[in-house]
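Here the structure comes first, spelled out in structure tokens, and everything after it is commentary.
What follows draws every value from the coordinates through simple rules; no lab data is involved. Please read these numbers as outputs of a predicted model, since none were measured by experiment. Positions of Cβ are generated from backbone atoms using ideal geometry, with glycine treated the same way; all protein chains shown enter the neighbour counts.
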Amino acid sequence: MTKEEAKNRITLLVEQLNQYSYEYYSLSMPTISDYEFDQLLKELETLEKEFPEFIQSDSPTLRVGGAISKEFATVVHRYPMLSLSNTYSEGEIADFDARIRKVVGDSVEYVCELKFDGLSIGLIYENGVLKQAVTRGDGVQGDDVSNNVRTIKTIPLRLQPEAPEYFEIRGEVIMTISGFRTLNNEREEIGESPFANPRNAASGTLKMQDPGVVAQRPLDCFLYQIPAPLPEIDTHFESLQFAKKLGLKISEDAAICHNLKEIIEFINHWDVHRENLDYETDGIVIKVNSLLQQKQLGFTAKSPRWAIAYKFQAEQVETPLLSIDFQVGRTGAITPVANLKPVQLAGTVVKRASLHNADIIQHLDVRIGDTVYVEKGGEIIPKIVGVNIDKRPPEAMPVKFIGYCPECGTVLIKNEGEAAHFCPNEDHCPPQIKGKLEHFISRKAMNIDSLGEGKIDMLWESDLISNPADLYDLSYNQLLGLSKVIPADGDKPEKKISFREKTAENIIKGVSKSKDTPFQKVLFALGIRFVGETVAKKLAAHFQNINNLQKATFDELIVVEDIGERIADSVLTWFARAEHLDLINRLKTHGLQFEMEIKTDFLSDKLTGKTFVVSGVFSRYSRDEIKQLIEKHGGKNLGSISSQTHYLIAGEKMGPAKKAKAEKSGVPIISEDQFEDMIS
């Protein structure tokens, strides 16, 4: 390929992929399958590596992260990013409305919007291409986080053709609640401390130095304010619709309100229904709709006079902090947990709240005996948000974080760049051993559903197991009659549980069945720090068996997709320990799977290099059966028709739109019989 051909192909691919992203994220109407998109993206990545001089600033390859930033450049805002005045009462909103009407008259309407709980951002587009992304900072200047923002898929790298030559818009970078929960689960799986809440997670992520890591976090963005006037646009609501037309993500939940009654109705509605949202909102923003009236009203030194934020009242209670326990997790992470005087909050009795790590304790300046403020945010877990200093007892001393493991006495370590303290005694610290056993049998790992946390405790306390290999040495006679007395707890009386015949049989069967678990899940089950479910799959696919992985060098590990230095170091450290090599040898002896399964259902290579779309109802096969046959003969299935499709296999009742698109694209349409002829 010549340089001119490469340049033209790169330009075309960037244009196509940005259009496909617009259709997917802005219109919710994808026109190609994920597979097709990924293939085009891979082609673009390959060309950009070969011809780096033709990389464009709006290339979608930037979504996966760019160069690591040692520090963020400071940028002065062209238009100051002011904060909003806050109110917590309907009376103050009425006062705000009265002030507005006194200046502009009674002919006024408002736009009410959800107030997103995230990190403020300003996006600057020049000639339709994302040029710069800047945080609020102090309102006058902020940090240039452009490389990180380019990884957020809902922020377009190129706007639609109607975009002005210079265009700036403000909004909020957030993390969805579902994404936050998934991220915290993944962090706990690999031994990292969970984030306190979605806002902190979003803010911390956007200020990371490695865009490659940012790209893997579930960030999103809502945009809500254009600071500069636009031709032929007279109202704020019109400006939002224009921004949406350009391909930017605008909340669908904004509404025009004509009077105070409608504003209060909007607030009351979302005070209840915000619980159904997948992101945190802490209030409602009320803005004068007319841009001319906004200009009349002007600004104070800190905020616009034409807007105000109503903050929802989070249910909050006060209660004394009785003590702090330090818990040891599966990976050795030490989590401080506050023991509280029981108090009713949001329908439940709260007795405990996580304090996360030493930094949080220091930031809150929490002391034993303090009366603390506790609330529940978007998450169910109660959190301490502050201290009532007026009620602090004179003898209260600052909390000193422990220096030794509370379970095994080992000196704790704290790695640079990490918030949590760790106990490094992973193979001999009781909570870590039990945690690893519970992880090993979990659903995503070995899936031994006949065992559970309570049963693992019984086996551990009876000295029957101390590592995962011991599970495969258990016998029916050892289990039968095993019992444990659970002490009385509050209203719950003391009770005794025992392993009867059926329980013992189910445990033995479940352990035996787990020997068929595929290699990637066995690797995940081993509990290597930072090796979560996804990383285990990639390592297993790359190295194919445990012997290759065990012998891998640092350089061989970091060439695997998504395997960075930290994961590579953790894998090397794990395999360097004699106890772990002995564990693997014992598990091998018991017949566990330590190599990838070789597929034996491949029938031929007759369809190699061919791609198919299957549509309609067939007489001899189901659609899924045809798709399986395509793959067994070396072909690939696509979700929709494009220039990359070789054949459309058409059955009865196929949609006319799909047929028309195939004909327009010149894709051959074949029948069930013709497909059978191809593979016969």
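Cβ-to-Cβ counts within 10 Å put L603, L123, L629 in ascending order as L603, L629, L123, the fewest first.
The gain in end-to-end length when the E275 to D555 segment is fully stretched comes to 96.1 nm, 0.36 nm per residue minus the alpha carbon separation.
Going highest first, how would you order 660-667, 360-367 by mean Cβ packing within 10 Å?
Descending packing order for the listed peptides: 360-367, 660-667.
Applying 0.36 nm per residue to the separation of I669 and K351 and subtracting their alpha-carbon distance, the gain on full extension is 107.9 nm. DSSP beta bridges confined to region 316-391 are antiparallel in about 95 percent of cases. Legend: residue pairs K495/K515; K7/K632; K509/K627; K383/K538; K131/K249, Cα-Cα distance threshold 26 Å; pairs beyond threshold, K495/K515; K7/K632; K509/K627; K383/K538.
Percent of Cα pairs in region 279-386 per distance bin of 10 Å, from zero to the largest separation: 13, 32, 23, 15, 13, 4, 0.
Be a star and scan region 210-248 for residues whose amide nitrogen sits under 20 Å from the point 7 Å along the Cα-to-Cβ vector of E109. Residues 224-226, 230-245 fall inside that zone. Neighbours of V272 by Cβ distance under 14 Å: Lys/Arg scored +1, Asp/Glu scored -1, total -4. Taking the DSSP beta bridges with both ends in the chain, the antiparallel portion is around 85 percent. Could you tell me whether region 76-311 comes out rounded, prolate or oblate from its Cα gyration tensor? Rule is a ≥ b ≥ c as square roots of the eigenvalues, rounded for a/c under 1.5, then prolate if a/b exceeds b/c, otherwise oblate. Since a/c reaches 1.5 but b/c is at least a/b, the shape of region 76-311 is classed as oblate. The label point for L292 and the one for A94, both projected 7 Å from the Cα toward the Cβ, are 3.1 nm apart. Beta-bridge orientation, region 611-679: approximately 10 percent antiparallel, per DSSP, counting only bridges with both partners inside. Here is the short version for the chain: C112, C221, C257 have no other Cys C-beta closer than 4.7 Å.
Relative to the 2.2 N^0.38 Å rule of thumb, region 3-56 has a C-alpha radius of gyration ratio of 1.18. Extending 7 Å from Cα along the Cβ direction at E5 and again at L572 yields two label points whose distance is 4.2 nm.
Between the C-alpha center of region 118-170 and that of region 207-277 there is a gap of 15 Å.
Order these by the 10 Å Cβ neighbour count, fewest first: S59, S33. Don't skip to the end; give the middle numbers.
Details: S59 22, S33 19.
Fewest-to-most ranking of S59, S33: S33, S59.
For the chain, what does the helix formula give at 222 nm: sum of -39500 (n - 2.57) over DSSP H segments with n ≥ 4, over the residue count, nearest 500 deg cm²/dmol? List each step's numbers first, then the result.
Values: 24 runs with 237 residues, N = 680.
One gets -10000 deg cm²/dmol as the mean residue ellipticity at 222 nm.
From least to most packed, judged by other beta carbons within 10 angstrom and beginning with the fewest, W270, W306, W460 follow the order W460, W270, W306.
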